[in-house]
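Accompanying notes for the structure given below.
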Amino acid sequence: MKLVLLGAPGAGKGTQAALLKENHGLAHISTGDLFRFNLKNNTPLGLEAKKYMDSGQLVPDEIVMKMVSDKLSEFKNDEGFMLDGFPRTVAQAEFLETKTKLDGVILFKIADEVIVKRLTSRAICKDCGNVTSTLAHDKCPSCGGELYKRDDDNEVTVRSRLKVFHEQTEPLIDFYRAKGLLYEIDADKKPEEVFASVIELLHHDKN
């Protein structure tokens, strides 16, 4: 299957993508990973993106779309994948239509206030990288390691990211709904419960 995972920052897209990759073998294409790869390897696209990032500007759509296009060209027609973090705008979605045919777009629905609480209490283990919550743990529940918080997991930054999502990315909901590709899932649950809903949805769609 060829899927787009859609949802606000903190909705749990990355967690669900990891579970789908582990359990169903779907490749996970994350724009964050693509940026890191291109920057680390000093590719022409990475160097071009770095110019904008160093000056505090947003990387233009054209560069992001080229990164995604190059990655999609590595896949055969019968290979499945999930896109996470792309498209972010209707213009990007229209570009994606020229590159591949999607089977579905999964929208992870969750209220802003839940996201603010979730992200401002999020912590990462220094040892194993496990993501957990400071509301439930003072040490990593997986390995007992020390937890730390990302600098951008503060309320001001989180609300700013949500504002950008509502302005730029939310129009994609109507865009994909009109095409009959949108499937909505309640993301305000435990990760395993959300994943069960995803699997039920995918199996139902196959039938």
Problem set entry | Scan of segment 17-52 for residues that are of a type in the set (A, V, I, L, M), within 15 Å of I63 (Cβ to Cβ) and either loosely packed, with under 13 Cβ neighbours inside 10 Å or touching a Gly at 6+ places or on another chain (Cβ under 9 Å) (or both), ordered by number | L34, L39, L47
Problem set entry | Pairs, first within 19 Å of R88 (Cα to Cα) in segment 29-55, second of a type in the set (F, W, Y) and outside any helix (DSSP H, G or I), C-beta under 8 Å, six or more apart | I29/F81; I29/F86; T31/F86
Exercise. Can P87 be described as farther than 18 Å from V164 by Cβ and not aliphatic (A, V, I, L, M)?
Worked result: no
Problem set entry | helices (runs of 4 or more DSSP H) wholly inside segment 1-90 containing at least 3 residues that are in contact with a Leu (Cβ under 8 Å, 6 or more places away or on another chain) and on the phi < 0 side of the Ramachandran plot | 13-24, 44-54, 61-72
Exercise. Taking segment 82-98 on its own, how many of its residues are of a type outside the set (D, E, K, R), closer than 19 Å to E184 by Cα and buried (at least 19 other Cβ atoms within 10 Å of the Cβ)?
Worked result: 6
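Mind telling me which of the residues K163, K189 ends up being assigned to a helix (DSSP H, G or I) and among the charged types (D, E, K, R)?
Working: K189 fails: assigned to a helix (DSSP H, G or I).
Residue meeting the stated conditions: K163.
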For this session: Name the one entry in E193, E184 that is exposed (fewer than 14 other Cβ atoms within 10 Å of the Cβ) and of a type outside the set (F, W, Y).
Result: E193
Exercise. Any idea which of (1) exposed (fewer than 12 other Cβ atoms within 10 Å of the Cβ); (2) among the basic types (K, R); (3) modelled with pLDDT under 90 is the one K101 doesn't satisfy?
Worked result: (3)
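Name the residues in segment 187-206 that are among the charged types (D, E, K, R) and without any contact (Cβ under 8 Å) to a residue 60 or more places away in the chain, would you? Steps first, please.
Start the filter on segment 187-206 by keeping residues that are among the charged types (D, E, K, R), which leaves 188-190, 192-193, 200, 205-206.
Result: K189, K190, E192, E193, E200, K206.
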Problem set entry | Cβ-Cβ under 7 Å pairs, at least 6 apart or on other chains, segment 121-144 side more than 17 Å from G10 (Cα to Cα) and surrounded by 13 or more Cβ atoms within 10 Å (Cβ to Cβ), far side acidic (D, E) and at pLDDT below 85 | none
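The values are calculated or read from the model by the stated rules, or taken from the named source; none is laboratory data. Everything numeric in this text was worked out from a predicted model, so none of it was measured. Cβ sites come from the backbone with ideal geometry, for glycine too, and all protein chains shown count toward neighbours.
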